[in-house]
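Contents: one structure, followed by commentary.
The values are calculated or read from the model by the stated rules, or taken from the named source; none is laboratory data. Quick caveat, the model's predicted, so the values are computed rather than measured. Cβ placement follows ideal geometry from the backbone for every residue including glycine, while neighbour counts extend to all protein chains displayed. Heads up: the accessible areas ignore ligands, DNA and RNA and are worked out on the full protein's heavy atoms, side chains in. Shrake-Rupley method; radii C 1.70, N 1.55, O 1.52, S 1.80 Å.
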Amino acid sequence: MSTPTTLRALIDTRATQYPDKPFVLAGAAHDEERTEAGAAVTFAMLQAQCRELEARFRQAGLRPGDIVSVYMGNGVQTATLLLGAMYSGLVVHPLNLLCQPSQLRYIVEHSDTRMIFVCDETHDAIAAACAALSEQGHARSIALVRTAPEAIDLPALPQLEPALAQTAGTDPAVANDDWAPGHVVLPNDIALLMYTSGTTGAPKGVLLSHRNLLANARNISTEHRLGADDRVLASLPLYHINGLVVTLLAPLYHGGSVVMTPRFSARTFWRDVARFGCTWINVVPTIVAYLLGGDEPTGFDLSALRFCRTASAALPSDHHRAFEARFGIGIIETMGMTETAAPIFSNPYDPALRRIGSIGLPSGAQAKVIDREGRECAPNAPGEIVLRGEQVMQGYYKRPEETAKAFTADGWLHTGDLGYRDEEGYFYINGRAKELIIKGGENIAPREIDEALLRHPGVLDAAAVGVPDSMYGQEIVAFVVPRETHWHGAPDAHELRAHCLRELGRYKTPKEIRFVSDLPRGPSGKVQRLKLLAPAPD
């Protein structure tokens, strides 16, 4: 059997290979105490639903290459719509549920989406965005399709206006009837449009092809030695590149299965892992922090669980050690970007070869550290990490200049991450180039301050940023999410500054501590430090 080169071919292959095997299992809602498993979609059912969706897309007037959006939380229906659109040759666009109204309006207009799938919780926000765009003279009408994330039955689709059915750059004389079931989807066709909100400027739409997505589904499966008997708990949102590629596409690639819960819940996390017999879990550092502050997983059979995988942001070393010591579960730290279809670095599967504090080794790609002149740095010398590989994006949607700036002259992707490579080839990240704090001429990595704060038992999350200062050029302000369950209540600013003085010394101790309920994060889960100082959007 030949290796599939598109998501369409992969779904067809798995349906033939494992027709009756469950692929997506529906977890119970978190406010329920049910213990039985929810509904399951087998590989054969997934193929049938994708083919039915393809027919409905065609009847609605959509053409291959058109963009459709999904603005819903996790669920069986959400997963099916995402896969069904890519199977049909459409470009699927998962919308971030955390978008502010101004971001939502911009992305809906910029994406040229033809159809948006919404649920009861998201309908009003999208309707308001579309109404505002119409008032601003946005000519293109957008069809809203209401369904539920956890639904099994496919929704009916409205007939689109003729003008709406024309793909940009497509000859309008080509009839929709030419889009016959079974049309060819090619590896370099764009499958996914995902917007990544940087620390400054408007969100950029990352274009990822079938080849990009399958490359990383393969890399993840290989790196973590995953197979048909493996099952993962989907605790990250599918509008997150990590959640989509790692917990949905990778199991599709290796013939495993995924448990789809509505969202992460520390209260039910271990119960779900045990109830569904998950063999691995995929989290981000914030989830690690919540689990460390939660209850012990007493009474749950976690014997099937082989490892925990973390990504999206650097995992504080103390949290890494504390998690492994408390739960007895090894952590594989990885790193990726929306622009690389999720991971591009991974620590080895073998625990003896992992490096705490390191993002690991290049995963199915090439990586190096360069200085400001573009020269490769020697081991342990700091610089910017750049990447090259099959999973690297095709570019930014309608942003040719931004795309050109994203790559070096010889084709390496700029990450904007500052770090170094050790003598054994392991990579380490110190911070973002745009987020580096320069105080009195000294470079200070924000992560060093973050990790010091996170060592305080009353801190759940933290991010340090530089602010203008007349004496030093920049001073340090730390934004802290307190852990309310700390034994003597949430810490105060004086207590945290005293803690930092002991951990960091006076020069690196934040001048100011500001308490917040959460930290702003982009679709890939990384903290957007510079937004902490920006005025709140409307």
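I want to confirm something. Restricting to region 472-499 and keeping residues that are of a type in the set (Gly, Ala, Ser) and outside any strand (DSSP E or B), which single residue is modelled with the highest pLDDT? Don't jump to the end; show me each part of the working.
Applying the first criterion (of a type in the set (Gly, Ala, Ser)) to region 472-499 yields 473, 478, 489-490, 493, 498.
Among the residues that remain, those that are also outside any strand (DSSP E or B) are: 489-490, 493, 498.
Details: Gly489: 62, Ala490: 71, Ala493: 91, Ala498: 94.
Within region 472-499, the match that is modelled with the highest pLDDT is Ala498.
Is it true that some residue in region 377-388 is at pLDDT 95 or above, more than 25 Å from Ile287 (Cβ to Cβ), open to solvent by 10 Å² or more (accessible area, probe 1.4 Å) and assigned to a helix (DSSP H, G or I)?
no
Filtering region 432-460 down to residues that are open to solvent by 10 Å² or more (accessible area, probe 1.4 Å) and of a type in the set (Gly, Ala, Ser), which residue is farthest from Pro362 (Cα to Cα)?
Gly440
A quick yes/no check of all residues on (1) more than 18 Å from Thr286 (Cα to Cα); (2) touching an Asp or Glu at 6+ places or on another chain (Cβ under 9 Å):
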{"position": "Asp410", "(1), (2)": "yes, no"}
{"position": "Thr415", "(1), (2)": "yes, yes"}
{"position": "Arg421", "(1), (2)": "yes, no"}
{"position": "Arg432", "(1), (2)": "yes, yes"}
{"position": "Lys439", "(1), (2)": "yes, yes"}
{"position": "Asp450", "(1), (2)": "no, yes"}
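Table: residues versus (1) farther than 15 Å from Asn242 by Cα; (2) modelled with pLDDT of 95 or more; (3) in contact with a strand residue (DSSP E or B) (Cβ under 8 Å, 6 or more places away or on another chain); (4) among the basic types (Lys, Arg).
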position	(1), (2), (3), (4)
Asp295	yes, no, no, no
Thr298	yes, no, no, no
Arg309	no, yes, yes, yes
Ser312	no, no, yes, no
Ser317	yes, no, no, no
Ala322	yes, no, no, no
Gly336	no, no, yes, no
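Scan region 271-311 for residues that are in a helix (DSSP H, G or I) and in contact with a Leu (Cβ under 7 Å, 6 or more places away or on another chain) and jot them down. Before the answer, list the steps.
We begin by selecting, within region 271-311, every residue in a helix (DSSP H, G or I); these are 271-275, 285-292.
Of everything in region 271-311, those that are in a helix (DSSP H, G or I) and in contact with a Leu (Cβ under 7 Å, 6 or more places away or on another chain) turn out to be Asp272, Val273, Ala274, Pro285, Val288, Ala289.
Taking region 307-330 on its own, how many of its residues are of a type in the set (A, V, I, L, M, F, W, C), open to solvent by less than 10 Å² (accessible area, probe 1.4 Å) and out of contact with any Phe, Trp or Tyr (no Cβ under 6 Å at 6 or more places or on another chain)? Please lay out each step first, then the result.
Applying the first criterion (of a type in the set (A, V, I, L, M, F, W, C)) to region 307-330 yields 307-308, 311, 313-315, 322-323, 325, 327, 329.
Remaining after also requiring open to solvent by less than 10 Å² (accessible area, probe 1.4 Å): 307-308, 311, 315, 323.
From what is left, the residues that are out of contact with any Phe, Trp or Tyr (no Cβ under 6 Å at 6 or more places or on another chain) are 308, 311, 315, 323.
Residues that pass the stated criteria total 4.
Can you name every residue in region 468-483 that is open to solvent by 30 Å² or more (accessible area, probe 1.4 Å), touching a residue at least 12 places away in the same chain (Cβ under 8 Å) and either over 23 Å from Lys434 (Cα atoms) or among the polar types (S, T, N, Q) (or both)?
Hits for region 468-483 are Gln474, Arg483.
Residue under question is Val465, and the condition is that it be surrounded by fewer than 21 Cβ atoms within 10 Å (Cβ to Cβ) and either farther than 30 Å from Ser111 by Cα or among the hydroxyl-bearing types (Ser, Thr, Tyr) (or both); does it hold?
On the way: surrounded by fewer than 21 Cβ atoms within 10 Å (Cβ to Cβ): no; either farther than 30 Å from Ser111 by Cα or among the hydroxyl-bearing types (Ser, Thr, Tyr) (or both): yes.
When the stated conditions are applied, Val465 does not pass them.
Among (1) among the polar types (S, T, N, Q); (2) modelled with pLDDT of 85 or more; (3) surrounded by 13 or more Cβ atoms within 10 Å (Cβ to Cβ), where does Ser517 come up short?
(3)
Pick from region 436-471 the residues that are farther than 24 Å from Tyr290 by Cβ and either among the basic types (Lys, Arg) or not in a strand (DSSP E or B) (or both): which of them is modelled with the highest pLDDT? Working first, answer last.
Taking region 436-471 first, the residues farther than 24 Å from Tyr290 by Cβ are 436-445, 466-471.
Now restrict to residues that are either among the basic types (Lys, Arg) or not in a strand (DSSP E or B) (or both): 436, 439-441, 445, 470-471.
Values: Leu436: 76, Lys439: 83, Gly440: 70, Gly441: 65, Ala445: 78, Ser470: 72, Met471: 71.
Selected residue: Lys439.
Filtering region 68-87 down to residues that are over 16 Å from Arg114 (Cβ atoms) and β-branched (Val, Ile, Thr), which residue is nearest to the chain's Cα centre (by Cα)?
In this case the residue turns out to be Thr78.
Limited to region 336-369, what total is found for residues that are more than 14 Å from Ala314 (Cα to Cα) and open to solvent by 10 Å² or more (accessible area, probe 1.4 Å)?
Residues in region 336-369 being more than 14 Å from Ala314 (Cα to Cα) and open to solvent by 10 Å² or more (accessible area, probe 1.4 Å): 15 in total.
If the requirement is being part of a loop (DSSP other than H, G, I, E, B), at pLDDT 95 or above and within 23 Å of Met393 (Cβ to Cβ), which of these qualifies: Gly89, Gly169?
Values: Gly169 fails: at pLDDT 95 or above.
Only one candidate qualifies: Gly89.
Within region 389-431, restricting attention to residues that are among the charged types (D, E, K, R) and free of Cβ contacts under 8 Å to residues at least 12 places away in the same chain, which residue is least open to solvent (accessible area, probe 1.4 Å)? Don't jump to the end; show me each part of the working.
So the first thing to find is which residues in region 389-431 are among the charged types (D, E, K, R), and the list is 390, 398-399, 401-402, 405, 410, 417, 421-424.
Next cut, free of Cβ contacts under 8 Å to residues at least 12 places away in the same chain only: 401, 405, 410, 424.
Numbers: Glu401: 139, Lys405: 151, Asp410: 94, Glu424: 121 Å².
Per the stated criteria, the residue is Asp410.
Using beta carbons and a limit of 6 Å, which pairs, at least six apart or on different chains, have the first residue in region 3-22 and within 18 Å of Arg211 (Cβ to Cβ) and without any contact (Cβ under 8 Å) to a residue 40 or more places away in the chain and the second one outside any helix (DSSP H, G or I) and open to solvent by less than 40 Å² (accessible area, probe 1.4 Å)?
What qualifies is Thr13/Pro4.
Which residue pairs have Cβ atoms closer than 6 Å, lie 6 or more positions apart in sequence or on different chains, and pair a first residue in region 241-264 that is open to solvent by 10 Å² or more (accessible area, probe 1.4 Å) with a second residue that is hydroxyl-bearing (Ser, Thr, Tyr) and modelled with pLDDT of 95 or more?
Tyr253/Ser221; His254/Ser221
From Thr3, Thr16, which residue is at pLDDT below 95, of a type in the set (S, T, N, Q) and either open to solvent by 30 Å² or more (accessible area, probe 1.4 Å) or assigned to a helix (DSSP H, G or I) (or both)? Spell out how you get there, then give the answer.
Values: Thr16 fails: at pLDDT below 95.
Unique residue meeting the criteria: Thr3.
Name the single residue that is least open to solvent (accessible area, probe 1.4 Å) among those in region 278-299 being more than 20 Å from Pro343 (Cβ to Cβ) and either β-branched (Val, Ile, Thr) or touching a Lys or Arg at 6+ places or on another chain (Cβ under 6 Å) (or both).
The initial filter retains those residues of region 278-299 that are more than 20 Å from Pro343 (Cβ to Cβ), namely 289-299.
Add one more test, that the residue is either β-branched (Val, Ile, Thr) or touching a Lys or Arg at 6+ places or on another chain (Cβ under 6 Å) (or both), and what stays is 293, 298.
On the way: Gly293: 36, Thr298: 115 Å².
That would be Gly293.
If I filter region 428-435 for residues that are modelled with pLDDT of 85 or more and closer than 22 Å to Ala322 by Cβ, do I get at least one hit? First the steps, then the outcome.
From region 428-435, those modelled with pLDDT of 85 or more are 428-429; that's our starting set.
Retained after the next criterion (residues that are closer than 22 Å to Ala322 by Cβ): 428-429.
Checked against the condition, which is being modelled with pLDDT of 85 or more and closer than 22 Å to Ala322 by Cβ, region 428-435 yields at least one hit.
Could you check region 183-216 and list, in sequence order, the residues that are assigned to a loop (DSSP other than H, G, I, E, B), at pLDDT 95 or above and crowded, with 18+ Cβ neighbours inside 10 Å? Break it down into steps so the answer makes sense when it comes.
Start the filter on region 183-216 by keeping residues that are assigned to a loop (DSSP other than H, G, I, E, B), which leaves 183-189, 197-203.
Narrowing the set further to residues that are at pLDDT 95 or above leaves 186-189.
Residue satisfying the conditions is Asp189 alone.
Considering only region 236-260, state which residues are more than 14 Å from Leu25 (Cβ to Cβ) and not in a helix (DSSP H, G or I). Break it down stepwise before answering.
Our first condition is that a residue be more than 14 Å from Leu25 (Cβ to Cβ); within region 236-260, this holds for 236-246, 249-250, 253-255.
Residues satisfying the conditions are Leu236, Pro237, Leu238, Tyr239, His240, Gly255.
Restricting the search to region 111-161, which residues are under 20 Å from Arg263 (Cα atoms) and part of a loop (DSSP other than H, G, I, E, B)?
Passing the criteria: Cys119, Asp120, Glu121, Thr122, Thr147, Ala148, Pro149, Glu150, Ala151, Ile152.
Here is a check on your reading of the model: is Ala341 in contact (Cβ under 8 Å) with a residue 40 or more places away in the chain and either out of contact with any Lys or Arg (no Cβ under 8 Å at 6 or more places or on another chain) or of a type in the set (Phe, Trp, Tyr) (or both)?
Working: in contact (Cβ under 8 Å) with a residue 40 or more places away in the chain: yes; either out of contact with any Lys or Arg (no Cβ under 8 Å at 6 or more places or on another chain) or of a type in the set (Phe, Trp, Tyr) (or both): yes.
So Ala341 fits the description; yes.
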